[in-house]
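Peer 1: My structure is below; once you've seen it, I'll send some questions.
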Amino acid sequence: MFKATMKVKSNSFRRLDDPSENSKSAKYVFYVKVRDVIKNIPMATNPRDQKLNTDVAKAIQESLESNDGYFHLKNRGIVLSAASVNYNNRTEEVTIFFDDDEKHGNVDGGHTYKIVCDHLDGSLSQFVQFEVMTGVEDIIEQLAEARNTSIQVDVKSMAELANHFDPIKEALDGMPFFSRIAFKQNQVTQDTETGKSQRMIDAREIVAIINMFDSERFDEGNHPIQAYSSKAKMLEYYLENPEKYRKLVNVSPDIFDLYDVIELEFADAYNNGGGRYGRKKYSGFKNNRVVGKSKFGMQDLFYKIPNGLIYPVVAAFRCLLEYNFTTEKYEWKKTINGPIAVWEDCKQSLATKVVGFASSIGDNPNAVGKDPNVWDIAYMTVQQKLLGA
């Protein structure tokens, strides 16, 4: 356990209870004088690497060093996930408790935090805003991704303006979910029957999933782990040469059909192997009630499959691809009857191994998705099935 105690004036400390029914989360918002910020707050929960030589970082530093007294208003501040928060009115101190490095720590504002920590000598009369959330361990992955989209979304929108997504559009046009792909910031699609806004799919996630099948960049010893941990990096890879992805046009629809089937069948595959997926906290299981919709097919889900578990499994099927030098396109190996048929043959083994690995490291899907060992396990399982085909 790590705890951080900082001076906070009582008139700037606020607690906000979550208005959602049955939610146990809470949010604490307050200002801390720069010189009172504590070092060594855990950073593993932040999906970005903090590079202090970028234009964004330089702008933050200039704003802080201007010493104009408005930094806390101009800067978005620092967002933390924590186990609990305690405020002492008598001493005017807030104490933040971090129990788990994988779930508690800096979620957003990593650049701001590192720059502030370089200015703790007391020479600045600036404040920085802290936003601390408790009870969000189950959504830490989604929370971190959502809070770190500002730069990525701008890049995505500019890519759409430059028609860089044309290879993906060519590949997926006609797929049932195509109209729900958000290629631009704040893009919304209405359901033709109900008139309600549909659940959109960020184009960065589409790019990340397709990138997992880039056999030129990734092989059996180099897995696309950043597809899970950094959608921004996957978008960067894609924008290096969008035309290269036309090689995957023929197999891309199959990739997303495969993803949907895995999401729908993963829990049952584990249960059929003797496990009890519904006992996992991350399963979201509610006595056989529908707990969500599959990402692409919008089919009823009775269990949730976190990205940290499903990404390594989906990515493992890139070993089934081969390149056709005549058509200059990737296709599925002729020794198999498509990727879904291979999934049917090895789904019980895959689900058992992946969930077993998750159990061995504390049932933390976020940690699973970042661990190269689980990507190895999934890849070798599919590869072995291929070799035996």
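Here, each number is a calculation from the coordinates, and none is a lab measurement. All figures in this text were calculated on a predicted structure; none of them were measured in a lab. FYI the Cβ positions are ideal-geometry reconstructions off the backbone, even for glycines, and counts take in every protein chain you see.
Peer 1: Between Gln142 and Gln384, what is the spin-label point distance in nm, taking each point 7 Å from the Cα along the Cα→C-beta axis?
Peer 2: It is 3.4 nm.
Peer 1: For Ser10 and Ala59 in one chain, what is 0.36 nm times their gap in residues minus the Cα-Cα distance, to one decimal in nm?
Peer 2: Details: separation 49, 0.36 × 49 = 17.64 nm, distance 3.02 nm.
Value of the extension gain: 14.6 nm.
Peer 1: So, one more: Compare Lys280, Lys24, Lys347 in a GNM of the chain, Cα atoms joined below 10 Å, and give the one with the largest fluctuation.
Peer 2: Sorting by GNM fluctuation, first place goes to Lys24.
Peer 1: Need one word for the range 150-387: rounded, prolate or oblate. Basis is the Cα gyration tensor (sqrt eigenvalues a ≥ b ≥ c); a/c below 1.5 gives rounded, then a/b vs b/c decides.
Peer 2: oblate
Peer 1: Still on this model: Nearest 10 degrees, 0 to 90: what angle lies between the long axis of helix 252-272 and the longest principal axis of the chain (Cα atoms)?
Peer 2: It is inclined by approximately 80 degrees.
Peer 1: Can I ask one more? Label-point separation (nm) for Lys333 and Ser23, each offset 7 Å from Cα along Cα-to-Cβ?
Peer 2: Simple spin-label model gives 4.7 nm for this pair.
Peer 1: In degrees from 0 to 90, rounded to the nearest 10, what is the angle of the helix 231-240 Cα long axis to the longest principal axis of the chain?
Peer 2: 60
Peer 1: Can you tell me the 0 to 90 degree angle between the C-alpha axis of helix 339-360 and the longest principal axis of the chain, rounded to 10?
Peer 2: 30
Peer 1: In Å, what Kirkwood hydrodynamic radius results for the range 2-139 from the alpha-carbon pair distances? Could you put the intermediate results ahead of the total?
Peer 2: Numbers: mean 1/r = 0.0652 Å⁻¹.
In the range 2-139 this quantity evaluates to 15.3 Å.
Peer 1: Quick one: what are the phi-derived ³J(HN,Hα) couplings along the range 325-338, Karplus 6.51/-1.76/1.60 with θ = phi - 60°, whole Hz, x for glycine and proline?
Peer 2: Taking θ as phi minus 60°, the curve returns 6, 6, 8, 6, 9, 7, 8, 7, 4, 6, 7, 10, 9, x Hz for the range 325-338.
Peer 1: Quick one: which residues, 5+ away or cross-chain, put their amide H under 5 Å from the amide H of Met43? H built at 1.01 Å from N.
Peer 2: When sequence neighbours closer than 5 places are left aside, the close amide H contacts are Asn106.
Peer 1: Same structure again: What does the highest-first list of 302-313, 372-383 look like by mean Cβ count within 10 Å?
Peer 2: 302-313, 372-383
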